[in-house]
């Protein structure tokens, strides 16, 4: 199993690839700097994302949702099933960014109760938990985040959205969740490592080897939680032979975890290709709305749901990069339009 943690500043985006090639994207945040940008819709352009998990329903987790839906094949979506269009509108009464607006449009689509089989990740087990939206109560988007556990062999990684202490305590009241977090190997810290997500009771159940924080440069005292997490971790060794207890995208950039079937794992920093915000006059301009210069028509948002997952008939499968064997020939169309060199996938050996 491979897990990629992308550096999107104060946001989140990760990709899990199972040994059978199935993929789960966890959130679809992007990064826009003064000179360069990175988006999951461009990184995985015209590829299949078998399952998109919306861990948290705030803009920094959703900012590239519309473009991912347009430019990738996404047959299934996982989100908190107690948050429908009405509940989402209540949570966003103070306004929505473009990503949240796209999610609101998707939530409002009619659902198909006869959706097909959910994605099969083979030997990788994926389990999720969620607090309930309670009508009439004070509901916070953060405390309605998903908690997703992915397990391969004895290795477990826990993704936690933006859960704060109140949300953690609601999940800890579930015996199944309490049992499942035992022996978690890696924790992706909730709420970008902010102190509002530091729950002492959670760490009474397990001691991870490593905590990963997805966040931007330090701006607030609430970000200074590395020491709090460090004292609750056993430590892990990067491939560079440095022992770490807390890894952060603001310091380490993007990271990749590789896990073998017996649960052994390694972690390393990786360089992820990004793109310039401006191009030469002879090249098409790539703006925030994605890839209109390529002449790709918009696809409708998903009309189906099966259980907790939303589904609609996927397009015919396309060759993709990453752990799949075939090269993505659609990449040529993209890079030619942008005037950029072709992408190079990592090894296709399984």
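Derivation of every value follows stated rules applied to the coordinates shown; laboratory data play no part. Being a predicted model, the structure only gives us computed values, none of them experimental. No Cβ is skipped: glycine too gets one built from the backbone with ideal geometry, and neighbour counts run over all protein chains shown.
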Open item on the list: Expected output is a single nm value to one decimal: the length gained when fully extending between residue 134 and residue 264, i.e. 0.36 nm times separation in residues minus the C-alpha distance. What is it?
Closed with: 42.8 nm
- [ ] Compute the separation of the alpha-carbon centres of region 39-95 and region 1-19 and state it in Å as a whole number.
- [x] 15 Å
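Counting alpha carbon pairs within less than 8 Å and at least 6 residues apart, what relative contact order, in whole percent, applies to region 1-103?
For region 1-103, the relative contact order is 23 percent.
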TODO: Can you tell me the FRET efficiency between residue 224 and residue 251 if r is taken as the Cβ-Cβ distance and R0 is 22 Å, rounded to the nearest 0.05?
DONE: 0.95
Task: Ranked list, fewest to most other Cβ atoms within 10 Å of each Cβ, for 192, 43, 61 - done: 43, 192, 61
TODO: Obtain the nm distance between the two label points defined at residue 271 and residue 205 by a simple spin-label model: each point lies 7 Å from its Cα along the Cα-to-C-beta direction.
DONE: 4.1 nm
TODO: Would you please give the FRET efficiency between residue 179 and residue 34, computed as 1/(1 + (r/R0)^6) with r the Cβ-Cβ distance and R0 = 41 Å, to the nearest 0.05?
DONE: 0.30
- [ ] With the Cα gyration tensor of region 32-116 in hand, give its eigenvalues times 5 under a square root as the equivalent ellipsoid semi-axes, listed largest first in whole angstrom.
- [x] 22, 19, 9
TODO: Please give, to one decimal in nm, the separation of the simple spin-label points placed at residue 105 and residue 90, each 7 Å out from Cα toward the Cβ.
DONE: 2.5 nm
Open item on the list: Classify region 182-265 from the C-alpha gyration tensor, please: rounded if a/c falls under 1.5, else prolate or oblate depending on whether a/b exceeds b/c.
Closed with: oblate
Task: Scattering curve values for region 1-75, log₁₀ I(q)/I(0), Debye with Cα scatterers, q = 0.12, 0.23, 0.25 Å⁻¹ - done: -0.28, -1.03, -1.20
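Would you mind calculating the gained length between residue 82 and residue 117 on full extension (0.36 nm times residue separation, minus the Cα-Cα distance), in nm to one decimal?
Full-extension gain reported as 10.5 nm.
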Task: FRET efficiency, 1/(1 + (r/R0)^6) with R0 30 Å, evaluated for residue 20 and residue 239 via beta carbons - done: 0.75
